[in-house]
Structure formats: structure tokens, C-alpha cells
Amino acid sequence: MVDVHNLTCQTCNNVGLGDGSDGFFYCLRCGSQYEDVMDTAYDSFYNSQSNFIRSLGLEDETPQRNDHGQVKIEEFDAAQFDEASPSVPADFGGLKVASFEDYHNEIRMRYVMGLQMMIELQCEALVKEFKVTPLICGLVGPIWLRFVSKTGVFDDDWADKVIHASEMQKEDEPEDYKPRAKYRTEPHNIFGQRAVMIWFRSLKKRIPLACTVAVSFLACHVAREAVLPSDMMKWTCEGKLPYFSAFVEIEKRIGQPSSACPISSSVMFRPQRAVPVQKLESFAASIAQFIGLELPPVNFYAIAYLYLQKLSLPVEKVLPYACRIFEWSMPPDLWLSLSSNYFKLPTHVCVMSILVVAIRILYNINGFGEWEKKSKDSAEDLGGPQKHKLDSAWLLQHLQARYNEIADAYGYSKDLPTYLKYCRDVVFAGSEPSYGNHEEENMIEYLWNFYQNEEDIKQSENLEQSNTSFNQTRSRDKGCIGRTSKEEKIRKKGKSHVKEAIRQMKLDMEENRFCYIPPSVKRKRLDYIHYVRKRDEGALTYVAHADYYILLRACARIAQVDIRILHIGVLSLERRLAWLENRIDQCLHSKPTNISCQFFSDEATENRSDVLPGLSNLNI
């Protein structure tokens, strides 16, 4: 098979051809057709398109296509759009333009099919790159088709309704308009607005581009995969999940826009911004509710296991207790179907809240001043032997270290070459040097080679400097051992180190509107402590001990949520657990009322025979 990526264009000498999905290949730069190679399987896309149309029951509404897959257009005299223009001679047959139906059918079909391809690309990446179960490929189809069908974009009167709605938005009387010569063959509404753009904006409103990520996330949720909305958004921003640059691959598969769809693929399929995590979960829940899809709760075990691994905590110690709290309380926030409310706490916040409560119980994080006590000691005394793995002092020191290590860095921020590749493939996807501007290409190559040479020189210089500084430090340390040890002894005698640590902790807490509480010294009850929120000058202030704040801060960074949001989730879970305990206590201490029944009354009990019927006849 011929590798079209290595073929040279016969017009501009550019290397690399793209599949036009019409049986021919075209230059990626100038768009000219390559005449020596033809794809005999060019109709595969239209076969799949026919299957999609058949599933929606729209066989009779699709635009007719010619042998090359292009929309069949009618012969139409352009003079009727402009009376002042000379008539076209009959010998030339007139200009060929698409009809009203061809325009809205082609725009609608291309947009919906393009989004479907984007979903297919995302599922393919989830399976190959992120090891998600291939089951999502079978689940995503029914979800997507049901959603498209419910939007009504394939209704018979959809195009007319959209045009009519655009005309009703303006209260002014329509005036005579003269369309631009470039668009005079296109249909317009009574105010001179292009019908093509009116239909396109309606499609983007009813089926936004972000719905592709939401549908893919729904398929992962139904398949019980531990994929979070934050993961989906991070992967899309990194370009690992096709979203921002998917329009390039979509155009390769379905070809360039035809005359009946004069909208470029970048305008039609390129998102302008990323979707926030909370909005993605809410959008996915709204789609499920819209199509009547019943959703299970999140896979608590898988997500909690993932969080504990990121926290580097002993899974075998914490997870069983967390699962008991989950099975006993069953918070409603774990159901994605309830997340259609944008202001509801996200599901992963509820999972992390259960872990916070379980860790507090296991490690006795209740404000007894373990952090303040151990702040005098060195890190070597806190982390080491296995016996400290269930010690609260070890936990606090470990969480402080993990909080500084955890960084939600994107893959493209590793180094400059990776970032430049990310910019080329994602940020400026589809952009190429100016046609025929070889000077621009030479300048790019020259600057890149210059950067590579500078990097090699810097690495060698840094290596020499590090070796020199190491030798100087080693010789200087030999002469300063006595002085350094003396200064450390003086420092340890005072309490300045502890005061500075507490001061830094207070500043960190104040930045997040938390108020520092000194350790509890004389507490009557040494059980689980419940924190509350206080209103100070109209704003809510959160009070907490240092040990609880350290735990909350590390967990919030792992869950990628604001620390106050996670604290609200913990308070909500604690209130639910307290309510369950009170209900159970009431049920255990309540006395049943007197019941009047012929089978359970006192009279029935006295007249009841002690021998069951039929047992007296048995010979034993």
C-alpha cells in the first residue's frame, strides 16, 4: 500500500497528502488533488454514515450524493438573485448551487457526524492511552444516539423553526437587503442574515462541543471506571484526549467542507475554551437525566484506592474503614444523577470526605497538639520505622511532605521541546507556514538548532559548576563543623523554631479563611471533635486545629478542589453520620405501642395452643 504521507504534491512540491474521503488524496498545504493514487475503499465513511442515519430513521431526509460522495447540487441560474447581472448563456448550463434543503441537511449531518467522530477518537484514546475498559466503546453509542435523537435537530421542521426563531428575535420591520456577492447564492432570513450561520449556531447550542467529553465521561461512569471529571479535563488540556485539536483528524476522515457547508472544520469543531470540572460533571448528569438514563453511584472503592495511593498512605489500613463508612452512610452525593444541580458538591468531594473522616478516626486527628509537639523534632525522628505508620505524628509529617511534593503539573510543562511539540500539535493545530514561504521554514529550523546548541552548552556548564561548588562546600564544611554544631545547639535551646512554624501555619490558614485553634489541653471528652463555621462580619470563617488543617490541605490538593469545599463536604458527612446515630439510638430505646390484633392480642395469646396443628398426630 502506498504511504501517502511521503508523496510529493505535483503543484507545490509539499510532502504529505491527506485523505479526502472521496476516493482521492489532496495536498495538505495547497489542497490540490493528487492524480496518480486513488483509494478504492473511499465509500467506507459513507457506509458508516448510512448506518448512523438508519439508526435515527432518517433514510429519506439525507442529501443525495454523487459517485464521489459529494452533495448533488441542482442547476440554478444565479441571475435570479441579481436582476442587474447579465443572464448566463444556456450553452454553459448556468451555475451549480445547492438547494435550501441541501444546505441545512449537509450542515446538520456534517456537524453531528464530526462530533460522533470526536467521541470515537476520545474512547479510542481512553482505551489505548489510559487503559480504560473497551466496554465504553459499546456503551457510548446508545448514549450518543439517544441524546442526538432527543435534541430534535433531525426533526422535519427543524430548519424552518430555527429560521423563524431568528426572525422573531428582532422587533424591527425587515428592510430590503442585498446579500454580499460572496454569499448571494446562500439562503438568508428576512433580515439578511445567513441561514448557514443561523443553523450552525443552533446546532452548537443544542449539541455543544463539550457534550463529546461529557458523553465519554458518562460511558466511563456506567462502566464503573475510576475516571474523574478532573482527569478528563486534564487530558483534554494536555492534548492526550482528542478535543482541542480533534478537528484536524475529523477533516482527514470526512474531507473538506463542500459548497453546501461553507464552514471550515476549525470553526465547526474547534472548542474555544476548556470546560470546568464542576460544569463537566453537571453537564454529564444533565445529559443522563435528559435521555432517561439511570446511573449507578460512583465506584467508591476504585476512586478511594486511587486517592490513597496518591497520598502514599497504607491502603490496607485505611480503605476497609472507609468502605464501612461508605456502606453504612451511603451519602446521596455519590450518585452522579443528582449532580445536575451545578451547586451540588461533586461526587469525588464526597469520596474524599469519607477518607478524611476515616483517617481522622484511625490516626486520632482531633486537635491534641501532635503537630506542635513534633515540630521541635527533626524529620528523621518522624519518618522511618514501620511502627510509626499508624502514629498521628508520622501522618502529619508525611502529609506536610506530600503536600509540597504534589503538583498538578501538565505533561507539556516538562521541558521546552515537549511544550513546543504541544503548541504545534494542540495549540496551533492545523497551522502551517505561509504557502511558498521557504524563508519562514528556514528561520524556524535555524532557531530550533540554535536552541538545541545553547541547551547542550548550558548542561555542560552547569555540570562543571556543580562539581566545583560541591568541592568548595565540602572543604568549607570541614572547617566549620564546630561552629555549625554550636549554632544549632543555640537554636534548639530556644523556641523560635516552634513559634515560626506556628506563625507560618496561621498565615497559611488565614489565606484560606481558616482560623487557627491552639491545641486542646483540658478537654472533658477525648472523642471525635466536630468543627463549625462562624460568620464574621458577614463572611464565613472556618476554625480548625493545625493537625486537621494539614490533613484537609493535602487531601484537597489531591482531589483538586478548594480546601473550603472539601471542608464543607466533611461537615456534611459528619452531620449525616450524627443523624444516623441519633436515629438508631431512638429506634433502640423506643417502646412499641399497644397493638390490637386478633393474632397478637393478650386474649389470643392465652387461647393459643402450645402445640402446633398436626404435630400431635405424629408418632415419634
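When you scan the stretch 418-428, do you find a residue that is in a loop (DSSP other than H, G, I, E, B), at pLDDT below 85 and either under 30 Å from Leu447 (Cβ atoms) or assigned by the TED database to the domain that holds Leu319 (or both), even just one? Yes: the stretch 418-428 contains one or more residues that are in a loop (DSSP other than H, G, I, E, B), at pLDDT below 85 and either under 30 Å from Leu447 (Cβ atoms) or assigned by the TED database to the domain that holds Leu319 (or both).
Touching a strand residue (DSSP E or B) at 6+ places or on another chain (Cβ under 7 Å), under 23 Å from Pro262 (Cα atoms) and of a type outside the set (Phe, Trp, Tyr): which single residue out of Ala98, Ala165, Ala181, Ala159 fits that description?
Numbers: Ala165 fails: touching a strand residue (DSSP E or B) at 6+ places or on another chain (Cβ under 7 Å); Ala181 fails: touching a strand residue (DSSP E or B) at 6+ places or on another chain (Cβ under 7 Å); Ala159 fails: touching a strand residue (DSSP E or B) at 6+ places or on another chain (Cβ under 7 Å).
Only one candidate passes the filter, namely Ala98.
None of Gly239, Gly255 is closer than 22 Å to Ala409 by Cα and of a type outside the set (S, T, N, Q) except Gly239.
Among the residues of this structure, Lys182 does not count as one that is under 30 Å from Val426 (Cβ atoms) and out of contact with any helix residue (DSSP H, G or I) (no Cβ under 6 Å at 6 or more places or on another chain).
The set of residues in the stretch 297-330 being within 18 Å of Val349 (Cβ to Cβ), in contact with a helix residue (DSSP H, G or I) (Cβ under 7 Å, 6 or more places away or on another chain) and open to solvent by 60 Å² or more (accessible area, probe 1.4 Å) consists of Tyr301, Tyr305, Lys310. In summary, Lys128 fulfils each of the numbered conditions (1) over 26 Å from Gly239 (Cα atoms); (2) modelled with pLDDT of 90 or more; (3) charged (D, E, K, R) with the single exception of condition (1).
Taken together, Glu294, Glu281 contain a single residue that is under 25 Å from Arg576 (Cα atoms), open to solvent by less than 60 Å² (accessible area, probe 1.4 Å) and touching a helix residue (DSSP H, G or I) at 6+ places or on another chain (Cβ under 9 Å), which is Glu281. Being without any contact (Cβ under 8 Å) to a residue 12 or more places away in the chain, open to solvent by 90 Å² or more (accessible area, probe 1.4 Å) and part of a loop (DSSP other than H, G, I, E, B) is the filter here, so list the residues in the stretch 523-548 that pass it. Correct list: Lys524, Arg525, Glu537.
Any residue at all in the stretch 131-147 that's open to solvent by less than 90 Å² (accessible area, probe 1.4 Å), over 15 Å from Phe217 (Cα atoms) and free of Cβ contacts under 8 Å to residues at least 60 places away in the same chain? It would help to see each step written out before you state the result.
To start, the set of residues in the stretch 131-147 that are open to solvent by less than 90 Å² (accessible area, probe 1.4 Å) comprises 132-134, 136-145, 147.
With the extra rule that they be over 15 Å from Phe217 (Cα atoms), the set shrinks to 145.
Those still in the list that are free of Cβ contacts under 8 Å to residues at least 60 places away in the same chain too: none.
Checked against the condition, which is being open to solvent by less than 90 Å² (accessible area, probe 1.4 Å), over 15 Å from Phe217 (Cα atoms) and free of Cβ contacts under 8 Å to residues at least 60 places away in the same chain, the stretch 131-147 yields no hits at all.
Among residues of the stretch 561-576 that are farther than 19 Å from Ala407 by Cα and among the acidic types (Asp, Glu), those with a beta-carbon under 9 Å from a residue that is open to solvent by 40 Å² or more (accessible area, probe 1.4 Å) and not in a helix (DSSP H, G or I) at least six positions away or on a different chain give the pairs Glu574/Tyr528; Glu574/His530.
When you scan the stretch 331-343, how many residues do you find that are open to solvent by 10 Å² or more (accessible area, probe 1.4 Å) and either within 18 Å of Ala226 (Cβ to Cβ) or free of Cβ contacts under 8 Å to residues at least 12 places away in the same chain (or both)? First the steps, then the outcome.
Narrowing the stretch 331-343 to residues open to solvent by 10 Å² or more (accessible area, probe 1.4 Å): 332-333, 335, 337-338, 340-343.
Right, trim to either within 18 Å of Ala226 (Cβ to Cβ) or free of Cβ contacts under 8 Å to residues at least 12 places away in the same chain (or both) and you get 332-333, 335, 343.
Total meeting the criteria: 4.
The values are calculated or read from the model by the stated rules, or taken from the named source; none is laboratory data. Quick caveat: nothing in here was measured; it's all calculated off a predicted structure. In this analysis, Cβ positions are derived from the backbone assuming ideal geometry, glycine residues included, and neighbour counts consider all displayed protein chains. Protein only, heavy atoms only, side chains kept; ligands, DNA and RNA dropped before computing areas. Shrake-Rupley method; radii C 1.70, N 1.55, O 1.52, S 1.80 Å.
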